[in-house]
Amino acid sequence: MTILKIISVTVVGLMLSACAETQFLMHTAKRMKKEQQSTYYKVGNPYQINGAWYYPAENWSYDETGVASWYGPQFDGKLTANGETFDQWQVSAAHKTLPMPSIVRVTNLENGRSLVVRVNDRGPYARGRIIDMSRRAAQMLGFEGEGTAKVRVAILAKESRALAERLKSGEVLTAEDMPQINSDNLSQEPVASKTLEKVQVASIEPAPQIPPTPNEVRVGDMTSVSVSPTKIYIQAGAFSDLNNAERVLANLEKLGNATISPVQSGGRELFRVRLGPISEVNEADVLLEKVGNIGYPNARTVVEETAIN
């Protein structure tokens, strides 16, 4: 065998070896990615962030208003709190206490867009934020540019419980196995300036409509609901003892217009202590920070709709 032939055989052998190694690495990468995308059901233990305590729980009646934010590039490709790989172009969200995964309907109270979203992460931990949307979800809800929006977040109980039971039974699911919109199906361009297709008009009172069966809901489904003016309040707490509420009221009055309002919750009367109303989110953020600094780290921002005259 000539030297040229020996060199040729050697080069071909090296190329085949490199090709096989590349295929192996690609296969391993795909397998690892799929394993990373595997999800599991998680509620979690109580935890504390910046002095505030959070208590994760299966709350199938969850329905709250507040301010939403969004997160994207700085977390893209990192693992979420329940073991998935975060993709900013998928429709997902982070919540402080809801089970993961769970299905919620997030309604932008400023423009009426209402989106079905899957919660698969923990957060946000900035004061005054109720939910953190993926970048794509923020685009679809129309607040990517603004950064925040006044929203209502309501859990879709039947869909969330059905998903929980599948995972609790030991069924192995990946993000791709569950109904969602991902980057393969969506344009990565903002949707705020586009005309939404198949938008149905529904009433937002008393809460976003929850379809009766899981098969009728898919993550990424969007509808349009009516909107009305909103006001923002800072709620320091809700107390069963009026005397406790009055003591908190005395501390808050130096910060602004503080009031006590009774409310029925779970068959008992509670007394909410609030500051407001406030018109802008940035003003509410400043006031919430002050309330937290004087000893109420669990104070929160609440958005209320007002009647149209």
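Below is a table of values for the structure above.
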quantity: Extension gain (nm, one decimal) between Asp63 and Gln264, 0.36 nm per residue minus Cα-Cα; calculated: 70.9 nm
quantity: Qualifying GluC sites (Glu not before Pro) for the range 226-309 [loop in DSSP, other Cβ within 10 Å: at most 13]; calculated: Glu280
quantity: Karplus-derived 3J(HN,Hα), 6.51/-1.76/1.60, for each residue of the range 256-266, Hz, glycine and proline x; calculated: x, 6, 9, 9, 10, 10, x, 8, 8, 8, x
quantity: Additional length obtainable on full extension of the chain from Lys290 to Arg247, 0.36 nm per residue less Cα span; calculated: 13.8 nm
quantity: DSSP-assigned coil residues among trypsin sites (Lys or Arg not before Pro) in the range 36-114, each with at most 13 further Cβ atoms within 10 Å; calculated: Lys78
quantity: Euclidean distance of C-alpha centroids, the range 44-90 and the range 256-280, integer Å; calculated: 26
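Bear in mind that the values in this text are calculations on the coordinates, not laboratory data. Quantities reported herein were computed from a predicted structural model and do not represent experimental measurements. When we count neighbours, we look across all protein chains shown, and the Cβ atoms used for this are built from the backbone with ideal geometry, even at glycine.
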